[in-house]
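Following: one structure in structure tokens, then a few remarks.
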Amino acid sequence: MKAYDLVIENAAIYTMDANKTMIENGIIGVKDGTISLLEKQSEDFGCQAEKRIDARGMTAFPGFVNTHVHCFQSLLKGLGADRPLISWLNSSVQPFGVRVTHRQQELAALLACLEALKSGCTTLCDFFYTNQDPELADVCVETMKRTGIRCVFMRTFQDYGEEYNVPDCYVEPVEKAIEDVERLRKKFRSDDMLSIWTGPDVTWATTKKGCEAILEYCLDRKVRYTMHLNETQEDNEMCLRHYGKNIVDLLDEIGFLTDQFLAVHCVNLTQNEIKTLAERGVSISHNPAANLYLGSGIAPIPACLQADMNISLGTDGAASNNTTDMLDTMRLAALIHKGVCRDATAMSAEKVVRMATKGGAKALGMEKTIGTLEVGKKADIILFDPGRIRSVPVHDPIATLVYSASAENIHTTIVNGEVVYCNGVFSCGIDEVQLYHQVMSEMRNIGLHD
Ligand SMILES: [Zn+2]
């Protein structure tokens, strides 16, 4: 009799594989963090398992992949509300970011990761740029790892910024940034659970020379890279002013547009630019909530999909979203494009679930290990419990997941075969109420609350 570390029985399984395989009453067996059995449940099937979950009435989906977040911003929800990006940055994010302490970074990363796990996210990418104290990055990585979430840590850099009031303490030569990325990569050996990436922050805070140097480093070391791209009009205006070119053209000219590049936002793209990005194999991280919150616009995602681009979803930092809830982002991603296109078929629930799973996996270069439920892939699985007023009755689980679900429907979150969240309890031992009190006490210490 075969032995598994974990067996999930009696679940409806939406694999999200290429054949859209759905098993009405299925069983999943996990060994060493990997799915080694996935089939229809048979009455006489017997197996040994260290842990069994009876998922009767529940639906198993692949865990969500959030490709863009800034963990430290989880302490800034609602601060600087109702302002456009540069004014929002200068009034809330930058003043806090330059003096964030190790303790605050830890609490913020806990908030982001636990909320992510609770809303079905199994892989989270932090886009890190508060580099004034190198140890903050270490605290963030260590805390993310502690929660049991699969992490991609993007240690980005800024080598320019006086025009836009980028704080001096963030600005560093690209060589120093590369040195620190190397330090982190040596200290935290990359494995299936952690990858360390880099990239320039944004056009108006990085130079062409900086982009070229980081590109050379990434291509040489096979490190993937990311950047905020065309989030607002300023991105392109700055580029036109300094280099006389649109940002996409400039990046293409230096060879920056490759399939190792994850472009974040892409709100303002022309049809030609979409064609160029698609031809180069660039993936996009679509962050609809942040783009709406800051009035940046709405990314032309249906056109990007039509051009065969790989699209993933991100929540962005909680300062420009106010949550790190992927279900919330999925719902928005499905709805806004229907509205903008005045066409209910412009986006479907299935396409959105694909962006949140397989699209995210591909955007991170992890499509062979995560993103679908298949034998041989890592066991990143969520169990969706439909038994909530908000989501009942369920006629089509994919539509329910996108349009009616909330985090309270996520019963269990499994990462790499480990149950990291189940029914209100996190396996890392952190209690939600206790965390709430710790965060509020820290906010009082820095004078942000009475
Ligand atoms: Zn961002």
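Calculated FRET efficiency, D308 to R444, Cβ-Cβ distance, R0 = 51 Å: about 0.50 to the nearest 0.05. Each residue of segment 96-109 is assigned a 3J(HN,Hα), and the resulting list reads 6, x, 6, 10, 5, 9, 4, 4, 5, 4, 5, 4, 5, 5 Hz, derived from the Karplus form 6.51 cos²θ - 1.76 cosθ + 1.60 (θ = phi - 60°), x at Gly and Pro.
Assuming R0 = 56 Å, can you tell me the calculated FRET efficiency for the pair L240 and A3, based on Cβ-Cβ distance, to the nearest 0.05?
Values: r = 62 Å, r/R0 = 1.11.
It comes to 0.35.
Measure nothing fancy, just the Cα-based angle from helix 135-147's long axis to the longest principal axis of the chain, in degrees from 0 to 90, nearest 10. Once rounded, one gets 10 degrees.
Qualifying trypsin sites (Lys or Arg not before Pro) in segment 34-109, where qualification requires a DSSP coil assignment and no more than 10 other C-beta atoms within 10 Å, comprise R56. The aspartates and glutamates within cross-link reach of K378, meaning a Cα-to-Cα straight distance under 17 Å and a gap of 8 or more places when in the same chain, are D5, D17, D32, E39, D191, D192, E367, E418.
Going through segment 10-76, which GluC sites (Glu not before Pro) have at most 16 other Cβ atoms within 10 Å and a DSSP loop state?
Values: sites: E24, E39, E43, E50; in loops: E43.
Sites meeting the loop and neighbour criteria: E43.
Karplus-derived 3J(HN,Hα) values for segment 222-233, using 6.51 cos²θ - 1.76 cosθ + 1.60 with θ = phi - 60°, are 6, 9, 6, 9, 9, 5, 5, 10, 6, 6, 10, 4 Hz; glycine and proline are entered as x.
Its Cα centre serving as origin, the chain has a Cβ charge dipole (Lys and Arg +1, Asp and Glu -1) of approximately 580 debye. In the chain, taking the dipole from charged Cβ atoms about the Cα centre, the farthest positive-side position among N25, L277, S427 is held by N25. A 1.4 Å probe run over the chain, with the rest of the protein chains in place, finds 39 Å² accessible per residue. How about segment 161-212: which trypsin sites (Lys or Arg not before Pro) there lie in a loop by DSSP and see at most 16 other Cβ atoms within 10 Å? Within segment 161-212, the qualifying trypsin sites (Lys or Arg not before Pro) (loop, at most 16 other Cβ atoms within 10 Å) are R189. Within a straight-line Cα-Cα reach of under 24 Å, K377 can be paired with the following lysines, leaving aside sequence neighbours fewer than 8 residues apart in one chain: K2, K20, K31, K40, K51, K118, K145, K222, K351, K358, K362, K368. Seen against the Cα atoms of the chain and their longest principal axis, helix 208-221 is set at about 40 degrees.
In the chain, the longest principal axis of the Cα atoms and the axis of helix 174-187 are about 30 degrees apart.
Would you mind calculating the gained length between A81 and Y436 on full extension (0.36 nm times residue separation, minus the Cα-Cα distance), in nm to one decimal? Numbers along the way, then the final one.
On the way: separation 355, 0.36 × 355 = 127.80 nm, distance 2.16 nm.
So the extension gain works out to 125.6 nm.
Here the label points at V392 and T345, each 7 Å from Cα along the C-beta direction, are separated by 3.5 nm in the simple model.
Counted over the chain, the DSSP beta bridges are approximately 40% antiparallel.
Considering only protein heavy atoms and a probe of 1.4 Å, how much of the accessible area of the chain is carbon and sulfur, as a whole percent?
Details: 8460 of 17620 Å².
Of the solvent-accessible surface of the chain, carbon and sulfur hold 48 percent.
When the chain is treated as a GNM with alpha-carbon contacts under 10 Å, the residue of I430, I35, I284 showing the greatest mean-square fluctuation is I430. Note: relative contact order over segment 64-363, using C-alpha pairs below 8 Å and six or more positions apart, is 21 percent. Here is the size of the chain from its Cα atoms: Rg then Dmax, 21.3, 71 Å.
Can you grab the distance from the C-alpha centre of segment 111-176 to the C-alpha centre of segment 210-236, Å, no decimals? Result: 16 Å between the Cα centres. Counting 0.36 nm for each residue step from K176 to M22 and taking away their Cα separation leaves a gain of 50.5 nm. Among D431, D17, D385, the largest mean-square fluctuation in a Gaussian network model of the chain, built with springs joining Cα atoms closer than 10 Å, belongs to D431. Gaussian network model of the chain, Cα springs within a sub-10 Å range: biggest mean-square fluctuation belongs to which of S285, S42, S312? The residue that fluctuates most here is S42. Estimated from the Cβ-Cβ distance and a Förster radius of 45 angstrom, the FRET efficiency linking L219 and L292 is about 0.85.
Where the centre of each part is set by its Cα atoms, how far does segment 298-349 sit from segment 371-427, in angstrom? Taking the Cα centre of each part, segment 298-349 and segment 371-427 sit 20 Å apart. For K77, the aspartates and glutamates whose Cα comes closer than 18 Å to its Cα, not counting residues fewer than 8 places off in the same chain, are E106, E115, D126, D316, D325, D328, E432, E442, D450.
The values are calculated or read from the model by the stated rules, or taken from the named source; none is laboratory data. Keep in mind it's a predicted model, so treat the numbers as computed, not measured. Virtual Cβ from ideal backbone geometry, glycine too; neighbours counted across all protein chains shown. The accessibility values were calculated without ligands, DNA or RNA, using every heavy atom of the protein model including side chains. Shrake-Rupley method; radii C 1.70, N 1.55, O 1.52, S 1.80 Å.
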